[in-house]
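Data first, discussion second: the structure below is written as structure tokens.
The values are calculated or read from the model by the stated rules, or taken from the named source; none is laboratory data. These figures come from a predicted structure and were not determined experimentally. Here Cβ is always computed from backbone atoms with ideal geometry, including for glycine, and neighbour counts include all displayed protein chains.
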Amino acid sequence: MFLVAWIWPSSMALSEAPKRIASLSLAGDEILMDLAAKCGIKERVIALSVFADDPSASNVVESAKAVNSRVHSEPESLFALKPDLVIAASFNRPELLTMIRVRKLNMVYLDRFSTANDIAEHIVAIGKAIGCEKESREMERIFFEDLSRDQYTYSKTSKPKLRVLSYSQDLTVMGKDSLFDDLVNRAGGVNTATVMGLSRWPKIEAEMLLTSKTDAVIIMEPDSKQLRLSIKNHPVWKKLPAVKAGNLIFIDPKLAMSTSHYFAKAVNDLRHKFKLAAETIKAPL
């Protein structure tokens, strides 16, 4: 069985709640800070990733102010803090992870970020490791509840689902096995990249992009006149009928790119925007 999140070493005594917890990724930061607040152990969090303070990416900017230290990929800064539990992720450097194991530090490793189910497993794994399993199970329950809020059931008489693509200036799109794909599906749309057989984060050929049946383009950045103008002047994107028609959907990047329970807010935001777009955009049959 493939493990989405695991604790190392496997013999880690979970009954002994850690007193010095460090997180190395924004996914860990957001889950850890909210769980620590729920079970009253915020003072045990001694370090967060350097991304916790970025208002364009982090959903815990305010609560992160209570934690003094920040860590990234430098092992010296991490080990100097003498953590008794490290929450790492597949985003982190392999060399750093190896050094954590060599030092025999307890570690929760968040391995996969492809679906909301992966995030739910991360929540529970972190909860177990920090002695807050009950609170993590409740967070997991609320997470799935939020994901299903205001779902729209498509029937044979409904308008077809909107077909969308993720935007990037260099033509990188998000296909199957990406959180974006799960986001679009849960919001009630269809990811055109997945329909075309693309997986993960490939660069799409211009011809493939322009012949795709795409109703709208999703931009995971704040809406602005400058960005709209940049997209409409892009040498390839400007030729896509959806862009020509102005069918651009902007979503908050700190929600849309979230790899924590805040992902549920992105689903509901996009679901709402799909409903609005469906009134003006005719999806292909």
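Scanning region 206-234 for residues that are in a helix (DSSP H, G or I), modelled with pLDDT of 95 or more and touching a helix residue (DSSP H, G or I) at 6+ places or on another chain (Cβ under 7 Å) yields one hit, 231.
In region 237-285, the residue that is nearest to residue 59 (Cα to Cα) out of those that are of a type in the set (Gly, Ala, Ser) and surrounded by fewer than 21 Cβ atoms within 10 Å (Cβ to Cβ) is 277.
Filtering region 176-201 to residues that are within 25 Å of residue 232 (Cβ to Cβ) and buried (at least 17 other Cβ atoms within 10 Å of the Cβ) leaves 180, 183, 184, 187, 189, 190, 191, 192, 193, 196, 198. Of everything in region 23-57 that is under 14 Å from the mean Cα position of the chain (by Cα) and farther than 24 Å from residue 79 by Cβ, the residue that is surrounded by the fewest Cβ atoms within 10 Å (Cβ to Cβ) is 56. Where helices (runs of 4 or more DSSP H) fall wholly inside region 24-102, the ranges with 2 or more residues that are closer than 26 Å to residue 251 by Cα are 26-38, 61-64.
I want to confirm something. Restricting to region 243-268 and keeping residues that are free of Cβ contacts under 8 Å to residues at least 60 places away in the same chain and part of a helix (DSSP H, G or I), which single residue is farthest from residue 221 (Cα to Cα)? Top of the filtered list is 244.
If only one of 79, 51 is among the aromatic types (Phe, Trp, Tyr) and more than 19 Å from residue 179 (Cβ to Cβ), which one is it? Walk me through how you get there before you give the answer.
Details: 51 fails: more than 19 Å from residue 179 (Cβ to Cβ).
Testing whether each residue is among the aromatic types (Phe, Trp, Tyr) and more than 19 Å from residue 179 (Cβ to Cβ) leaves just 79.
The residues on offer are 245, 256, and the sole one that is over 30 Å from residue 113 (Cα atoms) and outside the structural domain of residue 122 (by TED's automatic domain parsing) is 245. Could you tell me whether residue 173 is buried (at least 22 other Cβ atoms within 10 Å of the Cβ) and either free of Cβ contacts under 8 Å to residues at least 60 places away in the same chain or within 18 Å of the chain's Cα centre (by Cα) (or both)? Criteria met by residue 173.
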